[in-house]
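The values are calculated or read from the model by the stated rules, or taken from the named source; none is laboratory data. Only a predicted model underlies this, so the values are computations on that prediction, with no experimental measurement involved. Ideal geometry is used to build each Cβ from the backbone, glycine not excepted, and the neighbour counts take in all protein chains shown. Quick note on the areas: whole protein, heavy atoms, side chains included, nothing else; ligands and nucleic acids left out. Shrake-Rupley method; radii C 1.70, N 1.55, O 1.52, S 1.80 Å.
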Amino acid sequence: MKIYAVRILDISEEKLNKLCLLIDLEKKCKIEKFINKKDKVRALIGEILIRVIIVQELGIKNITFEKNKYGKPYLKEYPKFNFNISHSGEFVVGAIDDKPIGIDVEEVKYIEYEEIAKSFFTISEFNYIIKNDSDICLSKFYEIWTLKESYIKCCGQGLSIPLKSFSIEVEKDENIKVVSNNEYKEHTFKLFDIELGYKIAVCSLNKEISNNIIRLEQNSLINKYIRFNLE
Ligand SMILES: CC(C)(COP(=O)(O)OP(=O)(O)OC[C@H]1O[C@@H](n2cnc3c(N)ncnc32)[C@H](O)[C@@H]1OP(=O)(O)O)[C@@H](O)C(=O)NCCC(=O)NCCS
């Protein structure tokens, strides 16, 4: 397993358009439809990140993604190569593994967490959040949010899995489990505090999750991608 993170930098409109010519048409159209420039950059860097990782790990350059019926991308010819990406705020993150994997990053912003948790989380998740002093409740809310999101992204079924149908349990020693239909599932989880104001959660079907996040610099990632396309 490897986990990656890229801090987003602004890209000129001209460079963005040029880079969009080096990815597949569907993604290019998706990026063009975003009104917010940051959304464009995040989606583009997510795509470039996974493409560079694929070239490095699998040595293939002719990359065509398939998608399951809930939109999770995968490589048909490489069932042992599992990946997932996520973007939020100033970060794009990605994870690869030989078993299904899910990753989620969220920028911690003030929201009415109590109402949201009451509506979308289980009672035990809600209690886990609000049992804390009020200054850390928001952070605990985002922990549960990213963990839940990493789980549904690992399963690959998006929000077709009702958020209240499974419950995340964070034990005292930070051991994290998921319960669904009154049974513990085999998924393992890890939370990362990459930087102040961000939460990252990884969910895996492997027993061990890497402790390390590989930080990549946006410009060197882009240059690598351009080089791969020229070779
Ligand atoms: C689509 C979904 C899988 C993730 O959405 P998200 O959190 O907005 O987006 P992220 O940045 O974490 O991940 C997006 C990436 O996940 C991948 N992805 C798309 N569908 C996926 C799926 N069904 N399963 C796993 N990964 C998926 C794609 O690579 C996508 O990248 P792209 O948008 O650049 O193409 C889905 O879970 C969703 O719609 N979530 C809404 C968020 C929410 O309401 N959460 C409630 C709190 S628990």
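Cβ screening of the chain for cysteine pairs under 4.7 Å finds these without a partner: Cys20, Cys29, Cys137, Cys155. Each residue of segment 32-45 was assigned a 3J(HN,Hα) from its phi angle through the Karplus expression (A = 6.51, B = -1.76, C = 1.60, θ = phi - 60°), giving 4, 6, 5, 8, 6, 4, 4, 4, 4, 5, 4, 5, 5, 5 Hz with x at Gly and Pro. Just checking the listed ones, Leu191, Leu163, Leu21: in the Gaussian network model of the chain with Cα springs under 10 Å, the one fluctuating most is Leu21.
Quantify, in whole percent, the carbon and sulfur part of the accessible surface of the chain (1.4 Å probe; protein heavy atoms only).
Details: 6320 of 12430 Å².
Carbon-and-sulfur percentage of accessible area, whole number: 51.
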